[in-house]
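To start, the structure under review is shown below, and the notes come after it.
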Amino acid sequence: MRNILVLLLLFLCFLVEAQTKMVSWNVRDFGASKSEETVAFIADALIDYDIVAIQEVVAGYGGAQAVAKLADELNRRGTKWDYTISDPTNSSAYRTERYAFLWRTAKVKKIGKAWLEQKFKIEIDREPFMCTFEIEGKRLTVANFHAITKKMQPETEIKYFKYLPETYPKLNLVFVGDFNCPQSHTVFNPLKKMGYYPVFQNQKTSLRQECFNNDCLASEYDNIYYHNSKIQLIESKALLFFEELESLIEARKVSDHIPISMEFEIN
């Protein structure tokens, strides 16, 4: 009986290790304006994940330094992390940003060099930042993206995402980030027809200026899209970090978006 229990525990440990947790977060103006306390708060929110995708890293002074500070805070919590930061996106000086990935090295290995997607750098204002990761011998490539604002019609650039699977036919693509557009929009239909499913439906992810009838979320903007034949979704979660702070004013000093996450296995 004891041997059976030991084998069962080992099997459960294997299952847990095979599952990976990824989180995506638009951390508003992530740069020098974030205090050490804020960076530590962000690290506490992200520590349980294996892959972290961040949007809206400041392109100028302070952005890369903030990502390095976040990695250092994560390392201080007892696990080894590494990170990569994109060059500034190919957009106007007013809208240019960087992206970042961070990952827990005991679980995840980065393969090759991450890159800003160049094929549609004219059509897409802040071209996605692509990075391939290997987990237990299996790979996925995450496209980290921050769309133009709703009033600028983000669907006019999201429509080019349908060409990325044929551009990278050998890659297991996952699209993450702030699309400034709900998954119900028809612009996502071509991806859905290819088998790319949204992790979230009807999940608001941006913060209101003030809570209304205990509803503090405004719009369904952030999401993760994965291919249902290549990845098995185990669990999804919206992280309501603002509930840990005294007010939305304090929360918005961290970000005006909540993190979203998926736990998954690569088939």
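Read-outs throughout are calculated quantities, based only on the coordinates presented, and are distinct from any laboratory measurement. Just so we're clear, the structure is a prediction, and the values are computed from it rather than from any experiment. Every residue, glycine among them, receives a Cβ derived from its backbone with ideal geometry; neighbour counts consider all protein chains shown.
Counting every C-alpha pair in the chain, the share spaced more than 35 angstrom apart comes to 13%.
Loop-located chymotrypsin sites (Phe, Trp or Tyr not before Pro) across region 29-96 with a Cβ neighbour count of 15 or fewer within 10 Å are TYR61, TYR94, with loop assigned by DSSP. Each helix, a run of at least 4 DSSP H residues, gives -39500 (n - 2.57); summed and divided by the residues of the chain, these come to -6500 deg cm²/dmol at 222 nm. Summing Cβ point charges (Lys, Arg +1; Asp, Glu -1) relative to the Cα centre of region 33-152 gives a dipole of roughly 260 debye. When each of the peptides 219-232, 107-120 is scored by the mean number of other C-beta atoms lying within 10 Å of its residues, the order from highest to lowest reads 219-232, 107-120. Out of the DSSP beta bridges found with both residues in region 179-267, what percent are antiparallel (nearest 5)? So the antiparallel bridges in region 179-267 amount to around 100 percent.
Here the Karplus relation 6.51 cos²θ - 1.76 cosθ + 1.60, evaluated at θ = phi - 60°, turns the backbone of region 27-39 into coupling constants of 8, 3, 6, 6, x, 5, 6, 7, 6, 4, 5, 5, 4 Hz, with x for every Gly and Pro.
Separation of the alpha carbons by more than 22 angstrom is noted, of LYS21/LYS150; LYS150/LYS170; LYS21/LYS110, for LYS21/LYS150; LYS150/LYS170. About its Cα centre, the chain has a charge dipole of approximately 860 debye under the convention of +1 per Lys or Arg Cβ and -1 per Asp or Glu Cβ, with nothing else charged.
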